[in-house]
Structures are given as C-alpha cells and as structure tokens.
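**Q** The structure follows.
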Amino acid sequence: MKAKTTISLLLATGLMLAALSGCGAQSKPEDASQGAKPDANAAEGSANDNKQTSDDESKGELQEEAVQEEASQETEVVIYGSDDELLQLTERKATIESEDGQDLIVKAVAELQKDGEDGQLSLWSRIVIKEIQLDDDGAVTIDIHIPDEARLGAPGERLLVDSLLNTLFQFPEVHTIELLVDGEVMESLMGHVELTHPFARP
C-alpha cells in the first residue's frame with residue numbers, strides 16, 4: 001500500500017513539474033516580444049524627430065527667401081550718356097534690383113559705365129570708381145580715379161559731369177553730390193569744367 005502511494009505521489013509531482021515547465025516555456029516568447037516593443041517605438045520616435053527637423057529647416061529656408069525678396073526691389077531708372085560725337089546727352093532706361101538707397105546708387109553708377117545697346121556712349125566707362133557713400137542726409141560722395149586714357153576735352157567733360165548729375169538726382173533720396181579725385185577736392189576733373197562742392201539738387 002505504501003509503494004502505491006509513493007508511486008502516485010511521484011507521478012503527481014512529475015505532472016506538476018511538467019506543467020510548470022510548459023508554462024515557463026510559453027511565457028518566454030511573450031516576454032521576448034514585449035521586450036522588442038520599446039525598440040520599435042524608439043525607431044518610430046527617431047524617424048519623427050528627423051522629419052520634424054527637416055520640416056523646420058525647410059520652413060527656415062522659405063522664410064529667409066521671403067525676407068530677401070521683401071528687402072530687394074526693382075527700380076526703373078534713366079541712364080544718361082552721350083551720342084557718338086559727344087555733342088549731347090542721350091537717355092536709356094534700365095531696371096535695377098537693389099536692397100536699399102546705397103545699393104541703388106552704386107548700381108546706377110555701374111550702369112552709367114556701360115554703353116547702351118542703342119548706340120549710347122558711356123563717358124564713365126574708363127573712370128575708376130573707388131568709393132561711393134550715401135549718408136542719412138542724402139549726401140552722396142563719390143571718390144574716383146581718372147586714368148590718362150579717360151580724359152576728355154571741354155565738351156566731353158561737361159557731358160560727363162552732367163550725365164552723372166542727371167542720373168543720380170532722379171532719385172529723391174539724393175540731395176547733394178560730392179565728387180572727389182583720389183580722395184581730394186579738385187577744382188576740375190580734367191581742367192575744363194569747374195566743379196561745385198557739393199553739387200546740390202536743382
């Protein structure tokens with residue numbers, strides 16, 4: 001009787017161990033799958049962060065472009081030059097894109113140094129522009145250098161001065177124009193036309 005009882009206890013114990021072992025084996029895959037979830041969430045969060053960063057950079061670039069477009073503006077100006085015989089001033093139109101008054105003056109003078117496509121002759125093409133400044137009072141100061149090959153006779157010098165004055169005084173922000181030669185105040189640019197210091201808007 002004792003032997004039967006012992007065998008029964010052993011069988012019961014074995015069944016319990018087998019059941020417990022089975023439960024443990026089934027729980028492991030579940031634990032493994034639960035452990036993998038944080039990694040997937042982390043990857044998704046990283047992807048979202050990258051997308052957000054990219055979106056922010058794109059918005060920043062668009063805002064910068066918008067500011068630049070607002071800062072610059074196009075102005076239609078009249079550029080004065082001469083006919084090919086240096087007898088009279090001629091006019092041509094040009095469109096200048098500038099950021100402020102200083103930039104507009106600098107680019108207008110640069111246009112003054114170009115010949116027109118319609119045969120207009122630039123009297124400033126050989127003049128070296130050293131510096132251009134526009135102050136808050138509307139005073140423009142232009143420092144130039146005059147090479148020997150840029151020198152003209154009396155009619156040409158008169159047209160050269162007038163072409164500059166007519167071009168720059170069309171801008172309301174320009175009140176006076178001071179012309180310097182190599183940083184110095186001169187009585188004349190080329191010895192024929194007396195300069196006013198400064199030239200004032202007519």
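**Q** Select from the range 101-141 the residues that are open to solvent by less than 20 Å² (accessible area, probe 1.4 Å) and closer than 17 Å to Glu85 by Cα and list them in ascending order.
**A** Within the range 101-141, Gly116, Gln120, Ser122, Leu123, Trp124 meet the criteria.
**Q** What is the residue count in the range 90-126 for residues that are under 24 Å from Ala139 (Cβ atoms) and touching a Gly at 6+ places or on another chain (Cβ under 8 Å)?
**A** Residues that pass the stated criteria total 2.
**Q** Do you know which residues across the range 179-202 are within 11 Å of Ile144 (Cβ to Cβ) and surrounded by 12 or more Cβ atoms within 10 Å (Cβ to Cβ)?
**A** If the condition is that a residue be within 11 Å of Ile144 (Cβ to Cβ) and surrounded by 12 or more Cβ atoms within 10 Å (Cβ to Cβ), then Leu179, Leu180, Val181, Met186, Leu189 are the ones that fit.
**Q** Can Leu86 be described as in a loop (DSSP other than H, G, I, E, B) and either of a type in the set (A, V, I, L, M, F, W, C) or crowded, with 17+ Cβ neighbours inside 10 Å (or both)?
**A** Yes; evaluated as a whole, the condition is true for this residue.
**Q** Can you confirm whether Thr90 is modelled with pLDDT of 95 or more and within 19 Å of the chain's Cα centre (by Cα)?
**A** Values: modelled with pLDDT of 95 or more: yes; within 19 Å of the chain's Cα centre (by Cα): no.
Judged against the criteria, Thr90 is not a match.
The values are calculated or read from the model by the stated rules, or taken from the named source; none is laboratory data. Only a predicted model underlies this, so the values are computations on that prediction, with no experimental measurement involved. Note that we place each Cβ from the backbone using ideal geometry, even for glycine, and neighbour counts take in every protein chain shown. Surface areas here come from the heavy atoms of the whole protein model, side chains and all, with no ligands, DNA or RNA. Shrake-Rupley method; radii C 1.70, N 1.55, O 1.52, S 1.80 Å.
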